[in-house]
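Single-structure report; data block below.
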Amino acid sequence: MSFYDIYSRYKDFDIDSFYNNISDKDIELILQKDILNEIDFLMLLSPKAENFLEPIALKANSLTIQHFGKTILLYTPMYLANYCTNQCLYCGFNTKNDIKRKQMSLEEVEAEAKYISSKGIKHILILTGDAKDISSVEYINSCVNILKKYFNSISIEIFPLNEDEYSKLIKSGVDSLTIYQETYNEYIYDKVHLKGPKKDYRYRLDAPERACKSYINSVNIGALLGLDYWRKEAFFTGLHANYLQNKYPHVEVSISTPRIRPHVGDFSPYHIVSDKNIVQFIVALRLFLPRCGVTISTRESENFRNNILPLGVTKMSTDSNTSVGGHTNKQNQTNQFNICDTRNVEKMMEDIKTLGYQPILKNWDII
Ligand code: SF4
């Protein structure tokens with residue numbers, strides 16, 4: 001069995017008719033429960049539940065403190081390369097876009113690592129486009145060997161791998177995988193991924209599970225919000241996280257709620273996702289999966305990130321740059337997308353403390 005079997009159970013579910021039959025009483029009853037099932041979660045994502053956002057948020061806040069304390073883990077992304085063989089409509093690194101392509105040399109990786117770690121960051125997320133011949137597993141492995149001298153946690157956000165490839169990187173020092181399904185809707189998935197290996201929906205969908213089987217410490221999943229109706233994407237993301245948590249209890253599972261940001265290219269989201277929608281997604285998820293991490297990146301504004309911090313967020317990026325080697329070289333670079341919150345590490349820590357939370361720069365060490 002894979003998550004696809006659970007997805008198949010619900011993919012043709014008539015969500016609109018279901019939502020038309022929900023009453024206030026249904027939501028009130030869910031609020032009294034300690035353990036929620038899949039249908040309760042779907043109800044908390046409904047238009048009807050929008051009238052109960054305040055009590056849901058209060059419960060989400062207290063569950064988050066109970067399971068994670070008042071802490072926020074900070075990390076920063078580092079782009080190793082922007083070569084890509086795919087044509088994803090929503091991305092600046094789309095192989096059809098006429099941008100300057102670059103891959104960092106190992107010397108550049110070391111210089112960038114030294115610079116980032118000097119600011120106090122100890123958790124790094126490394127990214128590449130999907131060009132396996134150029135940004136090969138061997139190349140990423142060599143980068144990891146350098147990065148582990150400077151960071152206590154190394155996450156990867158790269159193309160999907162086989163189990164033995166995940167095992168190789170995990171043995172070298174990678175402890176965490178981020179991989180977004182982009183959209184759980186198979187039809188839209190096919191429409192926005194014009195060409196390239198990423199067209200294989202199932203191979204991507206099963207990637208987090210392959211990493212779990214390879215004994216990774218944590219996985220972070222999500223949908224790129226704006227491609228399909230957010231309530232559906234939120235539901236499938238929650239089901240996917242629940243599936244992984246239940247089947248692989250040794251793995252820490254988190255979700256992200258990324259919205260499409262401006263980038264090179266003219267793609268506009270098919271569906272607008274508002275701040276209020278993201279709040280509802282996060283608080284509903286917290287009630288359904290109290291132990292699931294929630295990551296909010298610098299795609300969101302400073303003000304919005306400060307406001308949603310107490311509602312279930314456990315991890316945030318800071319001092320982000322989405323171009324290759326962009327931390328040390330800020331000249332003539334193409335970003336994968338434009339970031340919104342530009343706070344540096346110091347300011348981010350100050351703001352988190354002002355909100356009554358403790359910023360965490362290092363919560364564990366690779367042995
Ligand atoms: S989203 Fe990833 S795979 Fe798609 S074009 Fe961008 S870098 Fe390439």
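General remarks:
- All positions within segment 117-173 that are within 16 Å of the ligand (Cβ to nearest atom), in a loop (DSSP other than H, G, I, E, B) and of a type outside the set (Val, Ile, Thr): 129, 130, 131, 132, 133, 135, 136, 159, 160, 161
- Among residues of segment 47-92, those that are out of contact with any strand residue (DSSP E or B) (no Cβ under 9 Å at 6 or more places or on another chain), closer than 28 Å to residue 328 by Cα and not hydroxyl-bearing (Ser, Thr, Tyr), counted: 3
- Here 278, 282 are screened, and the one residue that is under 22 Å from residue 228 (Cα atoms), surrounded by 16 or more Cβ atoms within 10 Å (Cβ to Cβ) and in contact with a strand residue (DSSP E or B) (Cβ under 7 Å, 6 or more places away or on another chain) is 282.
- For segment 352-367, the set of residues classified as more than 21 Å from the chain's Cα centre (by Cα) and either within 15 Å of residue 314 (Cα to Cα) or crowded, with 18+ Cβ neighbours inside 10 Å (or both) consists of 353, 355, 356, 357, 358, listed by residue number.
- Those helices (runs of 4 or more DSSP H) lying entirely in segment 184-236 with at least 1 residues of a type outside the set (Ser, Thr, Tyr), under 22 Å from residue 73 (Cβ atoms) and within 16 Å of the chain's Cα centre (by Cα): 207-213
- Flag if residue 318 is among the hydroxyl-bearing types (Ser, Thr, Tyr), at pLDDT below 95 and surrounded by 18 or more Cβ atoms within 10 Å (Cβ to Cβ): yes
- The strands (runs of 3 or more DSSP E) located wholly in segment 249-367 that include 1 or more residues which are within 16 Å of the ligand (Cβ to nearest atom) and under 30 Å from residue 41 (Cα atoms) occupy 252-256.
- Applying the set (1) under 28 Å from residue 231 (Cβ atoms); (2) away from the ligand (no atom under 16 Å from the Cβ); (3) open to solvent by 30 Å² or more (accessible area, probe 1.4 Å) to residue 64 leaves exactly one unmet item: (3).
- The lone criterion from (1) surrounded by fewer than 20 Cβ atoms within 10 Å (Cβ to Cβ); (2) in contact (Cβ under 8 Å) with a residue 24 or more places away in the chain; (3) in contact with a strand residue (DSSP E or B) (Cβ under 8 Å, 6 or more places away or on another chain) left unmet by residue 313 is number (1).
- Single condition residue 118 does not satisfy, out of (1) surrounded by fewer than 17 Cβ atoms within 10 Å (Cβ to Cβ); (2) over 30 Å from residue 152 (Cβ atoms): (2)
- Segment 192-211, subset within 14 Å of the ligand (Cβ to nearest atom), open to solvent by 30 Å² or more (accessible area, probe 1.4 Å) and of a type in the set (Lys, Arg), residue nearest to residue 5 (Cα to Cα): 199
- Test for residue 111: is it assigned to a helix (DSSP H, G or I), more than 23 Å from residue 184 (Cα to Cα) and touching a helix residue (DSSP H, G or I) at 6+ places or on another chain (Cβ under 7 Å): no
- Exactly one residue out of 76, 85 is of a type in the set (Val, Ile, Thr), assigned to a loop (DSSP other than H, G, I, E, B) and surrounded by 15 or more Cβ atoms within 10 Å (Cβ to Cβ), and it is 85.
- Residue in segment 321-348 that is least open to solvent (accessible area, probe 1.4 Å), counting only those that are free of Cβ contacts under 8 Å to residues at least 40 places away in the same chain and among the basic types (Lys, Arg): 347
- Qualifying positions in segment 1-42 - open to solvent by 80 Å² or more (accessible area, probe 1.4 Å), farther than 14 Å from residue 288 by Cβ, modelled with pLDDT of 95 or more and aliphatic (A, V, I, L, M): 29
The values are calculated or read from the model by the stated rules, or taken from the named source; none is laboratory data. Keep in mind the model is a prediction, meaning the values are calculated, not measured. Neighbour counts are summed over all protein chains in view; Cβ atoms, including those assigned to glycine, are modelled from backbone coordinates with ideal geometry. Quick note on the areas: whole protein, heavy atoms, side chains included, nothing else; ligands and nucleic acids left out. Shrake-Rupley method; radii C 1.70, N 1.55, O 1.52, S 1.80 Å.
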